[in-house]
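Please read the structure below before turning to the comments.
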Amino acid sequence: MTDIPLRLTIITRRVHPAHGPGGLERHVHDQVVQLARAGVEITLWSEEPRDPERQREAEHALSPSAEIRWVRRGSLPIGMSKGTVVLDRITNYPLWARRVAHAIVDPGDIVHVHGLGGLGAAAAKRAGRWRAPLVLTTQGMEEFRAPWLKNLAYAPFQAGMRYIAAAAERVVVTDRALIPVVQGSLGLDPGRMVLIPNAVDPEECVAAADVEAALALLRTHGVAEAKPLLVSIGRLAPNKGFEVLAAALARAAATFPQRWAWVLVGDGPMRSMIEAAVHAGGAGSRCVLVGPVEESIKHGLLALADWFVHPTIYEGSSLVTLEAMAHGVPVVVSRTGGLPDKVEDGRTGYLVPPGDGAALAATLQRATAADALRMGAAGRRLLDDQFSWKTATARFLALYSELVGRG
């Protein structure tokens, strides 16, 4: 690259911490921070948070790394989309994206969009109003793999993503396992796709851990002496499969060491169902639902864990799995989405068919008898090599340099 800083416009409707800690939100936050450290000048366009405190928190976290432009979201007349995620995404989301594109006077050297937030940018590109290369990151593509009825509802979303992909010079695929999904769903030529996995900073993950606070939480629930300690983290929603894990633990627990425990971090609509599954299986005293916790305690729990278990039914990249690997924790995860990229079965952890309680129970029995330290160390090496922000930043810079002719 030349000595002239690369000017990058990032468009995303959601970013952490303005809009919560989801995988997309955290990826964009980290992308901004890491690329800014590498000398890229960034303007970030995102939806204005409804909570002013969240906005201040985001500005404090991101403003040293980027110039932030907040754009208010719209809403359909008569509130048709309120409380309806699908309707919101296929109506208000495109309206917001168009508003953003009209507000941008100078898009810089590169425009990088996430999801439907790129609709306005794609329209500007097609109309010849913008000449800057357009890059699209697809994330998990769950909307192209939904059950058939929901798939019909997502048809406008799918059409929008194809529209953006057709206008983009490059489409970033976040996981090797998702390349066939992205290629088939968006009708892309392989030469326009580039693999840049979602990433974490392993040193920052380790530094963030408050082990003493995590131990205090475990003592509160009577499982501070657990061995092995199984940890799961995620929204307690139907697609995460935690009720399947609860039933699998009840099935496998008889063969576990006596002091085992499972700690589940998170909250959501499935909480009562998961609690019922735990108690129905007779493992209630060894299974603890601690609700949401601070980042420092989350990382502390991962630092203490013997195994991280992610029984998701479908998934994108799963940053939390990478965070577990950063702490040297072996993983038991579902063979879905981008997760197969992160697990060398039998070496860094185990893969199980999503939703298969019997297979999950059998795998957990294998895991509790395996050499967790050895497998966790192998997972950390895999993370450092393929899924760290050091690697991802270098790949982003190489992509941008290629597109603007600075190679």
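The values are calculated or read from the model by the stated rules, or taken from the named source; none is laboratory data. Source: prediction; values computed, not measured. Neighbour counts run over all protein chains shown; Cβ positions are idealised from the backbone, glycine included. Each accessible area value is taken on the protein alone, full model and side chains, heavy atoms only, with ligands, DNA and RNA left out. Shrake-Rupley method; radii C 1.70, N 1.55, O 1.52, S 1.80 Å.
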3 or more residues in contact (Cβ under 8 Å) with a residue 40 or more places away in the chain and touching a Phe, Trp or Tyr at 6+ places or on another chain (Cβ under 9 Å): qualifying strands (runs of 3 or more DSSP E) within the range 293-371: none
PRO197 closer than 17 Å to VAL333 by Cβ, out of contact with any Leu (no Cβ under 7 Å at 6 or more places or on another chain) and assigned to a loop (DSSP other than H, G, I, E, B): yes
Pick from the range 39-68, criterion in contact with a helix residue (DSSP H, G or I) (Cβ under 8 Å, 6 or more places away or on another chain) and assigned to a helix (DSSP H, G or I), ranking: surrounded by the fewest Cβ atoms within 10 Å (Cβ to Cβ): ALA61
Cβ-Cβ under 6 Å pairs, at least 6 apart or on other chains, the range 271-282 side free of Cβ contacts under 8 Å to residues at least 60 places away in the same chain and farther than 9 Å from ALA246 by Cα, far side open to solvent by less than 70 Å² (accessible area, probe 1.4 Å) and not small (Gly, Ala, Ser): ARG271/LEU236; MET273/GLU243
Some residue of the range 183-194 being assigned to a helix (DSSP H, G or I), under 27 Å from LEU134 (Cα atoms) and in contact with a helix residue (DSSP H, G or I) (Cβ under 6 Å, 6 or more places away or on another chain): yes
Test result for PRO133, in contact with a helix residue (DSSP H, G or I) (Cβ under 7 Å, 6 or more places away or on another chain), at pLDDT below 95 and closer than 24 Å to ASP30 by Cα: no
First in the range 380-407 and polar (S, T, N, Q), second anywhere and assigned to a helix (DSSP H, G or I), Cβ under 7 Å, 6 or more apart: SER388/PRO202; THR393/GLN34; THR393/LEU35
Tally, over the range 1-38, of residues that are open to solvent by less than 10 Å² (accessible area, probe 1.4 Å), of a type in the set (A, V, I, L, M) and not in a strand (DSSP E or B): 6
Extreme residue, most open to solvent (accessible area, probe 1.4 Å), among residues of the range 215-244 that are touching a strand residue (DSSP E or B) at 6+ places or on another chain (Cβ under 8 Å), over 27 Å from THR336 (Cβ atoms) and part of a helix (DSSP H, G or I): LEU217
Checklist (1) assigned to a helix (DSSP H, G or I); (2) under 17 Å from the mean Cα position of the chain (by Cα); (3) modelled with pLDDT of 95 or more applied to ALA121, failing item: (2)
Residue match in the range 372-390 (condition: farther than 26 Å from PRO238 by Cβ, open to solvent by 10 Å² or more (accessible area, probe 1.4 Å) and in a loop (DSSP other than H, G, I, E, B)): no
Selection count where residues are at pLDDT 95 or above and touching a Phe, Trp or Tyr at 6+ places or on another chain (Cβ under 9 Å), scope the range 84-118: 9
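Checking the condition modelled with pLDDT of 95 or more, in a helix (DSSP H, G or I) and under 20 Å from the mean Cα position of the chain (by Cα), which residue from GLU143, GLU212, GLU203 passes? First the steps, then the outcome.
Values: GLU143 fails: modelled with pLDDT of 95 or more; GLU212 fails: under 20 Å from the mean Cα position of the chain (by Cα).
None of the others qualify; the one that does is GLU203.
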Residues of the range 161-182 classified as in a helix (DSSP H, G or I) and of a type in the set (S, T, N, Q), total: 0
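Here's a check for you: in the range 257-285, which residue that is of a type in the set (A, V, I, L, M, F, W, C) and either assigned to a helix (DSSP H, G or I) or out of contact with any strand residue (DSSP E or B) (no Cβ under 9 Å at 6 or more places or on another chain) (or both) is surrounded by the most Cβ atoms within 10 Å (Cβ to Cβ)?
As a first pass, look at the range 257-285 and keep what is of a type in the set (A, V, I, L, M, F, W, C): 260-265, 270, 273-274, 276-278, 280, 283.
Still in the list and also either assigned to a helix (DSSP H, G or I) or out of contact with any strand residue (DSSP E or B) (no Cβ under 9 Å at 6 or more places or on another chain) (or both): 270, 273-274, 276-278, 280.
Working: MET270: 19, MET273: 14, ILE274: 22, ALA276: 12, ALA277: 22, VAL278: 25, ALA280: 12.
Filtering the range 257-285 for residues that are of a type in the set (A, V, I, L, M, F, W, C) and either assigned to a helix (DSSP H, G or I) or out of contact with any strand residue (DSSP E or B) (no Cβ under 9 Å at 6 or more places or on another chain) (or both), the one surrounded by the most Cβ atoms within 10 Å (Cβ to Cβ) comes out as VAL278.
Report whether or not ALA207 is out of contact with any Pro (no Cβ under 6 Å at 6 or more places or on another chain) and more than 24 Å from VAL352 (Cβ to Cβ). Write out each step before concluding.
Numbers: out of contact with any Pro (no Cβ under 6 Å at 6 or more places or on another chain): yes; more than 24 Å from VAL352 (Cβ to Cβ): yes.
Considered against the rule, which asks whether it is out of contact with any Pro (no Cβ under 6 Å at 6 or more places or on another chain) and more than 24 Å from VAL352 (Cβ to Cβ), ALA207 comes out as yes.
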Answer residue from the range 97-113, given it is exposed (fewer than 15 other Cβ atoms within 10 Å of the Cβ) and of a type in the set (A, V, I, L, M, F, W, C) and is farthest from LEU6 (Cα to Cα) among those: ALA103
Tally, over the range 184-199, of residues that are open to solvent by less than 30 Å² (accessible area, probe 1.4 Å), in contact (Cβ under 8 Å) with a residue 60 or more places away in the chain and in contact with a strand residue (DSSP E or B) (Cβ under 7 Å, 6 or more places away or on another chain): 2
